[in-house]
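Input: a single structure, listed below in structure tokens.
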Amino acid sequence: WDLFTLFSSSLDVFFEPARHGGPMLAEWVETVAARCFFILNKFVNRMRQELGSDASLLPPKPSYPELQDLGGLTKGFATGIKSLLAEQGRKKSVLQAANTVGALCVRLHSLSFCIAQLDALSAMIDDSWAALVARRVADGASAAEEEPSPTTILHAGAPEAVAASCAELCWFLGAKVVYQDLKGPLFDELYCRERDVSGK
């Protein structure tokens, strides 16, 4: 992603003055990392919002209205209308999300790539900080007085958040396959109440 190229370039430029003797504090690194995560989180959240509601993929709950009175019939009619509207809502949600399983798999691969890049950014921070400490010690500073390598949100927090989005996308993908792509053969044919078994 161009987004991670931007993050990597920003961190490299941020550490550059310190490589030439400038000041650097762990809290500054944590602040820059937090801004990177803020941008990344907005991107991931937008991806999740584009999927629509995962509940919209689920079929409506079956209703068994009372047939003894007019009230039961009215209830059944209202339930049928709601089911029809829910079906239309599900189709719209899936259309807005992705028309194919392949498109959802591309999103899932993008999130997996995101986790790998977060590891790379964390390693970059660790390596840059270690090089900075080594330079300061070489210039006569006490190693015991140096701050430890900062544990930023890119180290702990961001990978878990993206992994949660991966899990949500996997659930959405499974629900789409079961309740949308396989609705006909799985529900209408396998679980239908009346089947013509003549000739078998």
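Sort out which residues of region 17-48 are open to solvent by 60 Å² or more (accessible area, probe 1.4 Å) and of a type outside the set (A, V, I, L, M, F, W, C), and write them in order of number. Hits for region 17-48 are P17, R19, H20, P23, E27, E30, T31, R35, K42, R46, R48.
Can you find a residue in region 99-120 that is outside any helix (DSSP H, G or I), open to solvent by less than 70 Å² (accessible area, probe 1.4 Å) and at pLDDT below 90? Within region 99-120, none of the residues are outside any helix (DSSP H, G or I), open to solvent by less than 70 Å² (accessible area, probe 1.4 Å) and at pLDDT below 90.
Considering L6, L51, which residue is open to solvent by less than 30 Å² (accessible area, probe 1.4 Å) and aliphatic (A, V, I, L, M)?
Just one listed residue meets the conditions, L51.
Within region 143-160, the residues that satisfy the criterion of being outside any loop (DSSP other than H, G, I, E, B) and surrounded by fewer than 16 Cβ atoms within 10 Å (Cβ to Cβ) are A143, A144, E145, E160. Pairs meeting the criteria (first residue in region 35-48 and under 22 Å from A103 (Cβ atoms), second residue open to solvent by 50 Å² or more (accessible area, probe 1.4 Å), beta carbons under 7 Å, at least 6 apart or on different chains) are R48/E168. The set of residues in region 121-131 being closer than 16 Å to I153 by Cα, surrounded by fewer than 17 Cβ atoms within 10 Å (Cβ to Cβ) and without any contact (Cβ under 8 Å) to a residue 40 or more places away in the chain consists of A123, D126. Sub-8 Å Cβ pairs linking a first residue in region 132-157 that is closer than 13 Å to M24 by Cα and modelled with pLDDT under 90 to a second residue that is open to solvent by less than 50 Å² (accessible area, probe 1.4 Å) and in a loop (DSSP other than H, G, I, E, B), at least 6 apart or interchain, are R136/E146, ordered by first then second residue.
The values are calculated or read from the model by the stated rules, or taken from the named source; none is laboratory data. Predicted model only: the values in this text are computed from it and were never measured. So basically every Cβ, Gly included, is an ideal-geometry build from the backbone, and we count neighbours across all protein chains shown. What goes into the accessible areas is simple: the full protein's heavy atoms, side chains included, and nothing from ligands, DNA or RNA. Shrake-Rupley method; radii C 1.70, N 1.55, O 1.52, S 1.80 Å.
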